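**Q** Dropping the structure in here first, questions after.
The values are calculated or read from the model by the stated rules, or taken from the named source; none is laboratory data. Here the structure is a predicted model, which is why all the values come from computation and not from measurement. Using ideal geometry, Cβ is built from the backbone for each residue, glycine included, and neighbour counts are taken over all protein chains shown. Just the protein is used for accessible areas: all its heavy atoms, side chains included, with ligands, DNA and RNA removed. Shrake-Rupley method; radii C 1.70, N 1.55, O 1.52, S 1.80 Å.
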Amino acid sequence: MIDLRSDTVTTPDEQMREAARDAPVGDDVYHEDPTVNKLQSTAADVLGTEAALFVPSGTMGNQVAARTHTERGQEVLCEREGHVYRWELGGLVQHAQLQPRTIDAGPRGAITPEQVRAGYVEGDGHRPGTGLLALENTHNARGGTALGVERIATAAAAAHERDVPVHLDGARLFNAAVARGCDAAAFVEHVDSVMCCLSKGLGAPVGSVLAGSEAFIDRARRTRKLMGGGMRQAGMVAAPALEALSNRERLAVDHRRAERLAAGLDRVDGFTARDPETNIVLVETDRPAEAVLEACEREGLLGVPFDDHLVRFCTHLDVSDEEIDGAIRAAERAASG
Ligand SMILES: *Cc1c(COP(=O)(O)O)cnc(C)c1O
């Protein structure tokens, strides 16, 4: 089976397994796990922030950030197709008691400064006030679009003009950095916090990091504890996550494979592949997405439905060039069968 459902399906390699086995550990709730501490300081260095916090998932990272930045009852400005709004079980409402105000940022999910200004609400006796702007890069549901630094900087500046903090959902920020040819830190310097998944394209079995100022991370640590995310000998999972951080540059390989996959799938009858910007390939299908995916599965290829006639395929660490070609052939058989 060629599994292109998500870049989360990778399994840890030998080096990661060894790192987990050999990791020095301690109780991280007491700040005493040296491997977690090393992961956090390395992540902060890479992202150019004062501090970072290891969290079990990207979802928890985003939710901890939203809760830490805001007061209950405020509004959060977020993109209509944004992960934090669409795919986290309404956590903005459930955990942070925020009222989402969505922005339709179009096919690439690039929120403009004008949209931020238009969406901003001044708190008064009637209106809750805007407490947070949430950005996403790469933008998952929009097809892994990699926004440039300028896009992030200008949207964030529009929020900062009104003293609204900015959180960046950078689940795949390193994909964005590779695609745009810059350091991840170039994006992060414009925002107040960032979440990066280590368990996606980088290949860690578990974990994400939330990064920001020392003061913000101190408060975020308390929020993480509140949500039940205080972990003990977490060095066992932080060690492979640390290994994963060195897989950043190889994401370029996934991007090349996504291009090759998109080109091949676009030639399949009834498939129209969008040009990928990173490791995510969106394919518009003439037949319903569910039926297409069932046919693909019978031929040994897995993807996920993204809409009634839209399917997502992801390239990742555990697929080779041969498997990309195999995936294209499987889709051809599925279409003709
Ligand atoms: C996957 C993802 C998340 C959540 O990460 P999990 O580790 O799956 O909870 C958040 N934001 C985006 C954009 C994602 O793609």
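**Q** So what is the orientation-averaged projected area of the range 1-76, using the convex hull of its C-alpha atoms, in nm²? Kindly include the intermediate steps, with their values, before the conclusion.
**A** On the way: hull surface 33.1 nm².
About 8.3 nm², averaged over all directions.
**Q** Place +1 on the Cβ of every Lys and Arg and -1 on the Cβ of every Asp and Glu in the chain, take the dipole about the Cα centre, and give the residue among Ala134, Thr278, Ile328 whose Cα lies farthest towards its positive end.
**A** It is Ala134, whose Cα lies furthest towards the positive end.
**Q** Normalised by the residues of the chain, what does the relative contact order come to in percent, with Cα pairs under 8 Å and at least six apart? Walk me through the numbers before you get to the answer.
**A** Details: 763 pairs, mean separation 80.6, N = 337.
Relative contact order of the chain: 24 percent.
**Q** Right, here's the next one. Considering only Ala158, Ala179, Ala238, whose Cα is most displaced toward the positive end of the charge dipole of the chain, charges sitting on Cβ of Lys, Arg (+1) and Asp, Glu (-1)?
**A** Going by the Cα projections, it comes out as Ala158.
**Q** Could you size up the charge dipole of the range 10-124 around its Cα centre, putting +1 on the beta carbon of Lys and Arg and -1 on that of Asp and Glu, and report it in debye to the nearest 20?
**A** Numbers: 10 positive and 19 negative charges, 82 e Å.
The dipole magnitude comes to about 400 debye.
**Q** How many percent of the alpha carbon pairs in the range 106-155 exceed a separation of 16 Å?
**A** Values: 576 of 1225 pairs.
The calculated P(r) of the range 106-155 puts 47 percent of pairs beyond 16 Å.
**Q** Dipole magnitude of the range 254-337 about its Cα centre, charges +1 at Lys/Arg Cβ and -1 at Asp/Glu Cβ only, in debye to the nearest 20? Walk me through the numbers before you get to the answer.
**A** On the way: 10 positive and 20 negative charges, 22 e Å.
Taking the Cα centre of the range 254-337 as origin, the dipole is about 100 debye.
**Q** For His126 and Asp22 in one chain, what is 0.36 nm times their gap in residues minus the Cα-Cα distance, to one decimal in nm?
**A** Values: separation 104, 0.36 × 104 = 37.44 nm, distance 5.68 nm.
Contour length minus Cα-Cα distance gives 31.8 nm.
**Q** Hey, what number do you get for the chain at 222 nm if only DSSP H runs of n ≥ 4 count, each worth -39500 (n - 2.57), divided across all residues, to the nearest 500? Numbers along the way, then the final one.
**A** Values: 14 runs with 141 residues, N = 337.
Helix contribution divided over all residues of the chain: -12500 deg cm²/dmol.
**Q** Now for a separate question. So if each residue of separation counts as 0.36 nm, and I subtract the Cα-Cα distance between Glu32 and Arg287, what length gain in nm does that give? Walk me through the intermediate numbers first.
**A** Values: separation 255, 0.36 × 255 = 91.80 nm, distance 5.45 nm.
Gain on stretching Glu32 to Arg287: 86.4 nm.
**Q** Still on this structure, I have one more. Can you put Met227, Met195, Met1 in order of accessible area, largest first, using a 1.4 Å probe?
**A** On the way: Met227 50, Met195 5, Met1 140 Å².
Greatest to least solvent exposure: Met1, Met227, Met195.
**Q** Same structure again: Taking the Cα centre as origin and putting +1 on Lys and Arg beta-carbons and -1 on Asp and Glu beta-carbons, what dipole magnitude results for the chain, to the nearest 20 debye?
**A** On the way: 36 positive and 53 negative charges, 117 e Å.
Dipole of the chain, to the nearest 20 debye: 560 debye.
**Q** Taking a virtual spin label 7 Å from the Cα of Thr112 along the C-beta vector, which residues in the range 124-151 bring their backbone nitrogen under 14 Å of it?
**A** Only 151 pass the distance filter.
**Q** Using only C-alpha atoms and all pairs of different ones, pull out the Kirkwood radius for the range 206-294 in Å with one decimal.
**A** On the way: mean 1/r = 0.0593 Å⁻¹.
After inverting the mean inverse Cα-Cα distance, the result is 16.9 Å.
**Q** Still on this structure, please answer the following. Quick check for you: with a 1.4 Å probe and neighbouring chains kept, what is the accessible area per residue of the chain, in Å²?
**A** Values: 14410 Å² over 337 residues.
Averaged over the residues of the chain, the accessible area is 43 Å².
**Q** Turning to a different aspect of this structure: For Leu135, list long-range residues whose amide hydrogen, built 1.01 Å from N in the peptide plane, is under 5 Å from its own amide hydrogen.
**A** Those lying under 5 Å, H to H, from Leu135 are His167, Leu168, Asp169.
**Q** Rounded, prolate or oblate, given the Cα gyration tensor of the chain, with a/c below 1.5 counting as rounded? Walk me through the intermediate numbers first.
**A** On the way: a/c = 1.98, a/b = 1.25, b/c = 1.59.
Note, shape of the chain comes out oblate.
**Q** I would also like to ask the following. Please work out how much length the chain gains when fully extended from Ala252 to Glu71, using 0.36 nm per residue of separation minus the C-alpha to C-alpha distance, in nm with one decimal.
**A** 61.2 nm
**Q** Still on this model: Once amide H atoms are placed 1.01 Å from N in the peptide plane, what residues at a sequence separation of 5 or more from Leu310, or on another chain, have their amide H within under 5 Å of its amide H?
**A** Counting only residues 5 or more places away or on other chains, the set is Thr285, Ala289.
**Q** Follow-up. Treating the Cα atoms of the range 72-114 as identical point scatterers in vacuum, please give the log10 of the normalised Debye intensity I(q)/I(0) at q = 0.19, 0.28 Å⁻¹, two decimals.
**A** -0.55, -0.96
**Q** Ok, one more. Quick check: from the Cα gyration tensor, does the range 130-279 come out rounded (a/c under 1.5), prolate or oblate?
**A** Values: a/c = 2.22, a/b = 1.35, b/c = 1.65.
It comes out oblate by the Cα gyration axes.
**Q** Tally up the carbon and sulfur contribution to the accessible surface of the range 216-337 as a whole percent, 1.4 Å probe, everything protein left in place.
**A** Working: 2520 of 5720 Å².
Of all accessible area on the range 216-337, carbon and sulfur atoms account for 44 percent.
**Q** When the Debye formula is applied to the Cα atoms of the range 257-337, each taken as the same point scatterer, what base-10 log of I(q)/I(0) results at q = 0.13, 0.21, 0.23, 0.25 Å⁻¹?
**A** Normalising to I(0) and taking log10 leaves -0.31, -0.86, -1.06, -1.28.
**Q** Still on this structure, I have one more. When all alpha-carbon pairs of the range 49-94 are counted, what percent fall beyond 16 Å?
**A** Values: 409 of 1035 pairs.
That tail contains 40 percent of the Cα-Cα pairs.
**Q** Still on this structure: Using amide H atoms built 1.01 Å from N in the peptide plane, name the residues 5+ places from Gly144, or on other chains, whose amide H lies under 5 Å from its own.
**A** It is His139, by chain and number.
**Q** Turning to a different aspect of this structure: Assuming 1.567 mPa s and 4 °C, estimate D for the range 41-125 with Stokes-Einstein, Rh taken as the Kirkwood radius over Cα pairs, in µm²/s. Write down the numbers at each step before the final one.
**A** Working: Rh = 14.3 Å.
Translational D for this selection: 90 µm²/s.
**Q** Can I ask one more? Could you work out the relative contact order of the range 111-208, using alpha carbon pairs under 8 angstrom and six or more residues apart, expressed as a whole percent? Walk me through the intermediate numbers first.
**A** Details: 156 pairs, mean separation 25.5, N = 98.
Here the relative contact order equals 26 percent.
**Q** Follow-up question, since we're still on this one. Using alpha carbons only, what's the Rg to Rh ratio of the range 102-209 with Rh from Kirkwood? Present the calculation step by step, with values, prior to reporting the outcome.
**A** Details: Rg = 14.4 Å, Rh = 14.3 Å.
Reported Rg/Rh (Cα atoms, Kirkwood Rh): 1.00.
**Q** So if R0 is 25 Å, what FRET efficiency would Val304 and Arg101 give, r being the distance between their Cβ atoms, rounded to the nearest 0.05? Write down the numbers at each step before the final one.
**A** Working: r = 28 Å, r/R0 = 1.11.
Here the calculated transfer efficiency is 0.35.
**Q** Give me the percent of DSSP beta bridges within the chain that run antiparallel, rounded to the nearest 5. Let's see the in-between values first.
**A** Details: 22 of 39 bridges.
Bridges in the chain are about 55 percent antiparallel.
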